[in-house]
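Please read the structure below before turning to the comments.
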Amino acid sequence: MLSYFRWSTLLALVLFTGTVLFLGLASRWCGSGISPHPHATGSDNLAMAQAGPVLDESEREYLWQVEHHALILGKHWFHDFGEALAKADAKGLEKILAQDFAGQTFSQPAAEPMEIDYIQVSRRKGAGLPPTLLDRKALIALLLDWRREFPLPPAVKVYPKSLAPQTRSDLDSVWRGTGVLRMWGQAGGQPHEVVVHFGFVVPRPSRHQEAGWLRSFSLSQTQIARAAGFFLRDVTRQRNIDPDLFHNNWNSEAKYGNTGGVYLMDFNRDGILDLLVLDINRIALYKGLPAGAFLDVTAEMGLPLFPPPSNPSSFAALADLDGDGWEDLILLGRIYRNEGGNQFVDISHRSNLHFPLNATGVAIADYDRD
């Protein structure tokens, strides 16, 4: 819904993860935390460890602390902020704001409207003039004004984009950052979304959350969008695909940088696209049916249901390798010949093409045009 704002929200998330998590990964790959692949061998991990850290120990520790505090802030403090706003709970919002709270908003915002056939967007930001100050009462009123645009409780997400202690050497000093508040739902039966970009000041985030933790909230940009209808809806299960079969980094304790991929093909040449899902938990080949439904034909077509623990090569490629007009399959480092759309047969033992265990992809081309 409202792709115009989805991109801005996604960009904010990328900026945050790029700043914090990327550098966090550099240290974790050298010994703990995220694994490059769940089936990585001991020699693979040893090779990465021997490569040494990208940053010195103090820098790695500082970045870990920033990531850790950002996760606490987003998971607990900002979560409660969003819950109170979704419920239009003025007392809950008041409890969050510090007694000496000091906020800011635009005095005369510069409006940037956009209207096309299916969406209307209004973006406002500062025009370079001195801001208008907000006390606790004024901020709560402003937040509830946005909330009242939704007759039913909207979904609310508040998350940090950037975060750091004001004094780098003192983690107990106040922490400053930028964040995004997003509300979305329906208004008048139509999709409606409010996105607020803001700066904030909080004490050092911890699991023990005290009342009055939000000391400052300064608006930098607001975006309000309405659309004539929803553009996409989730029909995964309706189309006979069970997402529970596959690994989900969002709700699993184990986090992996590469869990597989999704590949489109027409293995039986019936003119309907088929779907190959490669995942660390399951391999699934879905035959495309009329009206957009799918049928799991993995075992019937001779493909393995589960990736072998001994083979961490989580990639696939489709190509007519023998020139018979049928798409063959390279899967987990094995080569499968397409037998007229009726079955895939493993012919790896007949090929001189071999893949290293740590391979993550393959590109196919006719470089000599033969």
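Within the range 224-263, which residues are more than 27 Å from Val180 (Cβ to Cβ), of a type in the set (Gly, Ala, Ser) and touching a strand residue (DSSP E or B) at 6+ places or on another chain (Cβ under 7 Å)?
Answer for the range 224-263, where residues must be more than 27 Å from Val180 (Cβ to Cβ), of a type in the set (Gly, Ala, Ser) and touching a strand residue (DSSP E or B) at 6+ places or on another chain (Cβ under 7 Å): Gly260, Gly261.
Considering the range 355-370 alone, what residues qualify as being more than 21 Å from Asp266 (Cβ to Cβ) and loosely packed, with under 10 Cβ neighbours inside 10 Å? Working first, answer last.
Let us first name the residues in the range 355-370 that are more than 21 Å from Asp266 (Cβ to Cβ), namely 355-361, 367-370.
Pro356, Tyr367, Asp368, Arg369, Asp370 - these are the residues of the range 355-370 that are more than 21 Å from Asp266 (Cβ to Cβ) and loosely packed, with under 10 Cβ neighbours inside 10 Å.
Do any strands (runs of 3 or more DSSP E) lying entirely in the range 207-298 carry at least 3 residues that are closer than 30 Å to Asp324 by Cβ and open to solvent by less than 60 Å² (accessible area, probe 1.4 Å), and which ones are they?
Strands (runs of 3 or more DSSP E) meeting the threshold: 260-265, 274-279, 283-288.
Can you say whether Gly188 is of a type outside the set (Phe, Trp, Tyr) and at pLDDT 95 or above, as far as the supplied structure shows?
Taking the combined requirement at face value, the residue does not satisfy it.
Can you tell me how many residues within the range 152-182 are assigned to a loop (DSSP other than H, G, I, E, B) and either in contact (Cβ under 8 Å) with a residue 40 or more places away in the chain or open to solvent by less than 100 Å² (accessible area, probe 1.4 Å) (or both)?
Count: 8.
Quick one: Phe306 ticks every box in (1) within 16 Å of Val277 (Cβ to Cβ); (2) open to solvent by 10 Å² or more (accessible area, probe 1.4 Å); (3) not in a loop (DSSP other than H, G, I, E, B) bar one, so which box is it?
Condition (3) is where Phe306 drops out.
Condition check: among the basic types (Lys, Arg), in contact with a helix residue (DSSP H, G or I) (Cβ under 9 Å, 6 or more places away or on another chain) and modelled with pLDDT of 95 or more. Does Arg136 satisfy that?
Criteria met by Arg136.
Quick one: is Ala111 over 27 Å from Pro203 (Cβ atoms) and open to solvent by 40 Å² or more (accessible area, probe 1.4 Å)? Before the answer, list the steps.
Values: over 27 Å from Pro203 (Cβ atoms): yes; open to solvent by 40 Å² or more (accessible area, probe 1.4 Å): yes.
Yes: the conditions hold for Ala111.
If you check every pair at least six apart or on different chains, which have Cβ atoms under 6 Å apart with a residue in the range 118-145 that is more than 11 Å from Leu93 (Cβ to Cβ) first and a residue that is open to solvent by 40 Å² or more (accessible area, probe 1.4 Å) and assigned to a helix (DSSP H, G or I) second?
Going by the 6 Å Cβ cut-off, the qualifying pairs are Val121/Tyr4.
Against the conditions (1) crowded, with 16+ Cβ neighbours inside 10 Å; (2) in a helix (DSSP H, G or I), where does Lys95 fall short? Just the number, please.
It fails just one condition, (1).
Checking the condition modelled with pLDDT of 95 or more and closer than 26 Å to Asp366 by Cβ, which residue from Leu321, Leu289, Leu329, Leu295 passes?
Just one listed residue meets the conditions, Leu329.
Checking the structure you have, find out if any residue of the range 206-224 is touching a Pro at 6+ places or on another chain (Cβ under 9 Å), of a type in the set (A, V, I, L, M) and farther than 17 Å from Gly103 by Cβ.
no
The values are calculated or read from the model by the stated rules, or taken from the named source; none is laboratory data. Keep in mind it's a predicted model, so treat the numbers as computed, not measured. Quick reminder, even Gly has a Cβ in these numbers, built from the backbone with ideal geometry, and neighbours come from all protein chains shown. The protein model used for the area step is the full one, side chains on, heavy atoms only, and it has no ligands, DNA or RNA in it. Shrake-Rupley method; radii C 1.70, N 1.55, O 1.52, S 1.80 Å.
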